[in-house]
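Input: a single structure, listed below in structure tokens.
The values are calculated or read from the model by the stated rules, or taken from the named source; none is laboratory data. Computed from a predicted structure; not experimentally measured. Positions of Cβ are backbone-derived with ideal geometry, glycine not excepted, and every protein chain shown enters the neighbour counts. For accessibility, only protein heavy atoms count, side chains too; no ligands or nucleic acids. Shrake-Rupley method; radii C 1.70, N 1.55, O 1.52, S 1.80 Å.
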Amino acid sequence: AGMPVGAAMQVVYAFHMPLFFVISGFLARKESLPLAGWGKLLYRKTTGLLVPYVLFALICFYVEGGPWSILADIAYGSRNALYPHSSQLWFLPCLFLSVLLFQLCQNLIGMLPAKAKLPLYLAAGLFLFCAGAWFSAGRIAEIGWPFSLNVAFMGTSFMFLGWGFRFLYEKYLRNQKLLFWLVLCLSLGLGVVSVFLNRAALEEGPFHLVSMATADYGNPLLFYLTAGLLSLAVLLLSTVVNNPVCAFIGRNTLVILCASSLLMAAVYDGLAAAGLREMLTDWRGAETILVTGLVLGLAVPLIYLLNWFAPNLAGKAERNSRP
């Protein structure tokens, strides 16, 4: 029962964090910002990313009763600094830096003639990928850089990739159904194959998993290829799947991500109290499915409560009764 779960984990871990950056680039506006626009961007991303980060980190600190030194770890913001109390939150300050880097590149490139822009966008994405690949696990201190800046370089390169995917979709794929499905199937198939090509470069752990959180990419080129192909497949699939459950999860990913460790701990405590924890250890696949379902189930009322009573924790500036 362990092998299918291990294979599924390899595929999911290969692209699930890069996907957030790709989506951010796919949805980003392609425009330079004036000085006043930078102020609005900083305010929007601070309230939408850093405020939930700090609040959820403090909640984890209070619930788990860690030492006061955790406050310095929260300020540092890398995954290994936050481990084990709130390590899942590393993504928020990292995305904050990636958004600012992406916008800075847009402003600098936006000042140049139109003919020079596309090559410079490609060069910027390549440079950021190389910086992220160079400052990866094994080349830097184990704690990582503040706010996972080294990972933010790689994340920003994925934002450029997402921007390119939007251009590809709008210009070539949106109205060409045959080409659309051909690209979707090829990106999905080649992406899954490339997951296992990168497996040999990931020496640690029983499942040889990619960990963007700690900049452990295995082979950086294979990692980027895999994450890009599978992210493209998910983006294309999302344009044809109109599922309210998926839409709900997509709109509220931030809450699910931030509260996942607390909800998972509650689920495991409940299973242990019911005498089911030991029984499920022999059925890893069933345990994974059950725990994931229970975590998502507990997240639903939490999402509604936060959207109504504490929208800042949900990354929203004002109360909203419709999550």
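Residue-level check: of (1) open to solvent by 40 Å² or more (accessible area, probe 1.4 Å); (2) out of contact with any Ser or Thr (no Cβ under 9 Å at 6 or more places or on another chain), residue 108 misses just (2). With respect to (1) open to solvent by less than 40 Å² (accessible area, probe 1.4 Å); (2) within 30 Å of residue 199 (Cα to Cα); (3) modelled with pLDDT of 80 or more, the lone exception for residue 224 is condition (1).
Taking helices (runs of 4 or more DSSP H) as the structural unit, those lying wholly within region 232-306 and holding at least 3 residues that are open to solvent by less than 70 Å² (accessible area, probe 1.4 Å) and in contact with a helix residue (DSSP H, G or I) (Cβ under 9 Å, 6 or more places away or on another chain) correspond to 244-251, 253-273.
Does region 175-194 contain any residue that is open to solvent by less than 20 Å² (accessible area, probe 1.4 Å), hydroxyl-bearing (Ser, Thr, Tyr) and modelled with pLDDT of 95 or more? Don't jump to the end; show me each part of the working.
First, pick out the residues of region 175-194 that are open to solvent by less than 20 Å² (accessible area, probe 1.4 Å): 180, 184, 187, 191, 194.
Okay, now just the ones that are also hydroxyl-bearing (Ser, Thr, Tyr), so 187, 194.
Pick out the ones that are also modelled with pLDDT of 95 or more and you get 187.
Yes, some residue in region 175-194 is open to solvent by less than 20 Å² (accessible area, probe 1.4 Å), hydroxyl-bearing (Ser, Thr, Tyr) and modelled with pLDDT of 95 or more.
From the set of residues in region 79-111 that are of a type in the set (Phe, Trp, Tyr) and in contact with a helix residue (DSSP H, G or I) (Cβ under 7 Å, 6 or more places away or on another chain), which is nearest to residue 122 (Cα to Cα)?
Of the residues in region 79-111, the ones of a type in the set (Phe, Trp, Tyr) are 83, 90-91, 96, 102.
Going one step further and asking which of them are in contact with a helix residue (DSSP H, G or I) (Cβ under 7 Å, 6 or more places away or on another chain), we end up with 90-91, 96, 102.
On the way: 90: 27, 91: 25, 96: 22, 102: 13 Å.
This residue is 102.
Taking residues in region 61-79 that are closer than 22 Å to residue 137 by Cβ and among the polar types (S, T, N, Q), and partners anywhere that are at pLDDT 80 or above and in a helix (DSSP H, G or I), the pairs with Cβ atoms closer than 8 Å and at least 6 places apart or on different chains are 78/90; 78/146; 78/147; 78/148.
Selection of region 64-105 for residues being under 24 Å from residue 266 (Cα atoms), hydrophobic (A, V, I, L, M, F, W, C) and open to solvent by 60 Å² or more (accessible area, probe 1.4 Å) yields 68, 71. Of all the numbered requirements in (1) open to solvent by 30 Å² or more (accessible area, probe 1.4 Å); (2) out of contact with any Asp or Glu (no Cβ under 9 Å at 6 or more places or on another chain); (3) modelled with pLDDT of 90 or more, residue 116 misses one, and that requirement is (3). Restricting attention to region 27-63, the residues that are open to solvent by less than 50 Å² (accessible area, probe 1.4 Å), out of contact with any Asp or Glu (no Cβ under 9 Å at 6 or more places or on another chain) and among the small types (Gly, Ala, Ser) add up to 3.
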